[in-house]
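Q: Submitted below is the structure of interest, expressed as structure tokens.
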Amino acid sequence: MRYLASILGAWLLLSGIACAGGDHTLKLDGNFTQGGLIKGVATPGSDITVDGAALRLDRFGRFVFGFGRDAPASATLVVRYPDGKTETRVLAIEQRQFDIQRIDGLPPKMVTPDAATLQRIEQENAMVAAVRKVDTHAAWFWDGFRRPAEGRVSGVYGSQRILNGEPRQPHYGLDIAGPRGSPVLAPAAGIVRLASRDFYYTGGTVIIDHGHGVSSSFLHLDRVEVNVGDKVEAGDLIGALGATGRATGPHLDWRVNWFEVRLDPALLLEAR
């Protein structure tokens, strides 16, 4: 029902603006900041690019894109409408300051793995990368996202991590700490594209495809309750909070991507 309502809303928005603007519709909504997700509606049949990357439009003219942690201060969006008219917008992207997070007490093998383990990690990373290339036509992301687990926020997006005293990559997720076994729920509808119970760094891992390249990842799960190909709705049980993989205590590491671009899940919750 919510999906049908969102389609109707997009159609009403589109028809109203199109009539007023000579069928040259372009509306953007979201967080214009590093880590932000932007949803848009344009005249169906238009061609849209952001910094040269082509975007998927569905038959209602809906599209989506996002800005990474280190996105520059601006991006250029170009729309070519069906009648040939072109519109260009330069989008200002707010620049953020990120925290430094120190995590100590990790087993040395989880910070500096041996050669054999590195090969395993590369294989697992390749599986994740393949899933994040999927471009499903459905727009399940359109209705927004809900919090996937209850608990205390113990880690935030973008923070520079120092593991056992050694600088490592920034953290790209929202960490939610809670009791082991606590339910983890789908934050939005989609299709399960990856379900593993034993990745090296991330342990129990699930990735849900929300359409148009938007995906959610759920890491360190104690249990995985879904399988690849399952269709889930917002609020469905997908797993249990845990401390598998590289973790010092039970928590959910929730990540959101637009293809390979890593987004800030906390901003999606603010947008509801």
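Q: I need the strands (runs of 3 or more DSSP E) fully contained in region 50-98, keeping only those with at least 1 residues that are under 18 Å from the mean Cα position of the chain (by Cα), touching a residue at least 40 places away in the same chain (Cβ under 8 Å) and closer than 26 Å to LYS133 by Cα.
A: Those strands (runs of 3 or more DSSP E) span 62-66.
Q: Go through the residues of region 150-159 one by one and say whether even a single one is of a type outside the set (Gly, Ala, Ser), in contact with a Lys or Arg (Cβ under 8 Å, 6 or more places away or on another chain) and over 21 Å from ASP29 (Cβ atoms).
A: no
Q: OK, next. Within region 250-272, restricting attention to residues that are modelled with pLDDT of 95 or more and part of a loop (DSSP other than H, G, I, E, B), which residue is surrounded by the most Cβ atoms within 10 Å (Cβ to Cβ)?
A: Among residues in region 250-272 that are modelled with pLDDT of 95 or more and part of a loop (DSSP other than H, G, I, E, B), the one surrounded by the most Cβ atoms within 10 Å (Cβ to Cβ) is ASP264.
Q: If you take the residues of region 19-49 that are modelled with pLDDT under 95 and either touching a Pro at 6+ places or on another chain (Cβ under 9 Å) or in a strand (DSSP E or B) (or both), which of them is surrounded by the most Cβ atoms within 10 Å (Cβ to Cβ)?
A: THR25
Q: Suppose we keep only residues that are in contact with a Leu (Cβ under 7 Å, 6 or more places away or on another chain) and polar (S, T, N, Q) within region 177-221. Which one would you say is farthest from GLY66 (Cα to Cα)?
A: Step by step, filter region 177-221, then rank; the result is SER182.
Q: Taking the residues in region 24-70 that are out of contact with any Asp or Glu (no Cβ under 6 Å at 6 or more places or on another chain) and of a type in the set (S, T, N, Q) as candidates, determine which candidate is nearest to ARG96 (Cα to Cα).
A: Among them, the one singled out is GLN34.
Q: Please specify each residue of region 112-152 satisfying the condition of being without any contact (Cβ under 8 Å) to a residue 60 or more places away in the chain and within 20 Å of the chain's Cα centre (by Cα).
A: ASN125, ALA126, ALA130, GLU150
Q: Checking VAL153 against (1) modelled with pLDDT under 95; (2) surrounded by fewer than 20 Cβ atoms within 10 Å (Cβ to Cβ); (3) within 17 Å of TRP254 (Cβ to Cβ), which test does it fail?
A: (1)
Q: Can I ask one more? Identify all residues within region 213-237 that are touching a residue at least 60 places away in the same chain (Cβ under 8 Å) and surrounded by 17 or more Cβ atoms within 10 Å (Cβ to Cβ); write none if there are none.
A: The answer is GLY213, VAL214, SER215, SER216, SER217, PHE218, ALA234.
Q: What's the number of the only condition in (1) polar (S, T, N, Q); (2) surrounded by fewer than 16 Cβ atoms within 10 Å (Cβ to Cβ); (3) modelled with pLDDT of 95 or more that THR112 fails to meet?
A: (3)
Q: Let me spell it out: the conditions are (1) in the same structural domain as ASN31 (by TED's automatic domain parsing); (2) buried (at least 16 other Cβ atoms within 10 Å of the Cβ); (3) among the hydrophobic types (A, V, I, L, M, F, W, C), and ALA54 meets all of them except one. Which number is the exception?
A: The failed condition is (2).
Q: Further question: Give the residues of region 235-245 that are part of a loop (DSSP other than H, G, I, E, B) and either within 21 Å of the chain's Cα centre (by Cα) or of a type in the set (Gly, Ala, Ser) (or both), sorted by residue number.
A: Hits for region 235-245 are GLY235, ASP236, LEU241, ALA243, GLY245.
The values are calculated or read from the model by the stated rules, or taken from the named source; none is laboratory data. In this text the structure is predicted, and so the values were computed from the model without any measurement. Every residue, glycine among them, receives a Cβ derived from its backbone with ideal geometry; neighbour counts consider all protein chains shown.
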